[in-house]
Amino acid sequence: MKVTRNRCLFMKLLSIFTVFILFLMASGCGKDPAASPNPYDPFSVYHGKVTPAEITSHDVRQIVFEMYLNATQFGDIHDVPLGENVDQARKNSGARKDDADGLMELSAVRTKGIEYTDGNGGSLISDIDIDSMTGKAQGSITWNNYRLNGSYGLLCYEENYECVAKGSALVSGVVDLQRGVFTQITLSFYELKLIFNNSGEVVVTGTIAWDFDDGDMTENMTLDVTINDVDDKTYGMFKNFKITAVKGDSGISLEMSGRYYYPDLGFVDVLASPDLVFVEYDSFWPVYGVIVVDNTAGTAAFYDF
């Protein structure tokens, strides 16, 4: 199955899955959040409703499909090459051991302007300071039509897939100096472009944070981002939206929670599910699982894959 941004494909699949609607005693209301001068604030580029979404079977299907599509596409961005950066940090660590009087001056390695290429004409510029003792890192990254590692975000879906990134981000996190990878990383970007299969394109503004457990078998991601198209039309927005992806023998289990804004309908809160979503390797859509959504205005639904 080829992954694209074509909504027609997703609409054809909507009838496959089941929605159970619950009407609750709880009530609530939405309000338009105050504007913020922060350029990384996802609300600064969001164009859509900010009130609770009406929950009908049709609307829940549309919201969940768009949420799933938008939430699972970001995994590749955190795969930042660090080879030369880490080599400099290791050398600096050795210098610290040899020169006790220079510890403070040598604690942070400034690895500015290191360029990595993707073999396809794209490049990534890494301006990251790495503490040679603690591994703490901060700085910035610039993607110049840089091809990401070739799998669809969290799902490790590789068939007929390609994503190219263009833009820049502030970065902070912790680097494992032995393995040369981030164990924690936070990226903040304004209008980062992701181009899929040389056709579909999205523009992302906001912050995404990751941390990795169990030898990278568990990935925790928190999204505070808006996803727009090139004409500034909003696909969706995530606020404090958390995803835990656990790799198993045959696939990946996904646990999701947080607030999702669908521009035409409003927002829903995704709640803890009694049945985690499960996606087989080399597949894109879940095999089974339940997503629970609540509009905070008296209605909730179970979406059963």
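Length gained on full extension, THR56 to ASN197, computed as 0.36 nm times the residue gap minus the Cα-Cα distance: 47.4 nm. What the phi angles of the range 60-69 give under the Karplus curve with 6.51, -1.76 and 1.60, with θ = phi - 60°, is a coupling list of 5, 4, 5, 4, 5, 5, 5, 4, 4, 4 Hz, glycine and proline written as x.
For the range 236-292, count all C-alpha to C-alpha pairs, find those more than 13 Å apart, and express that count as a whole percent of the total. More than 13 Å apart: 62 percent of the Cα pairs in the range 236-292. Remark on LEU177: its backbone amide H falls under 5 Å from none of the residues 5 or more positions apart or on other chains, H modelled at 1.01 Å from N. Give me the distance in nm between label points sitting 7 Å out from Cα along the Cα-to-Cβ direction at SER44 and LYS233, one decimal. That separation, rounded to one decimal, is 2.5 nm. The H on the amide N of GLU201, modeled in the peptide plane, is under 5 Å from the matching H of PHE196, each at least 5 residues off or on a different chain.
Here the Karplus relation 6.51 cos²θ - 1.76 cosθ + 1.60, evaluated at θ = phi - 60°, turns the backbone of the range 289-305 into coupling constants of x, 10, 10, 9, 10, 9, 8, 6, 10, x, 9, 9, 9, 9, 9, 9, 6 Hz, with x for every Gly and Pro.
Other residues lying with their Cβ under 10 Å from the Cβ of TYR262 contribute a combined charge of -2, Lys and Arg counting +1, Asp and Glu -1.
Bear in mind these aren't lab numbers, they're just calculated from the coordinates by the rules spelled out. Since this is a predicted model, take the numbers as computed values, not measurements. No Cβ is skipped: glycine too gets one built from the backbone with ideal geometry, and neighbour counts run over all protein chains shown.
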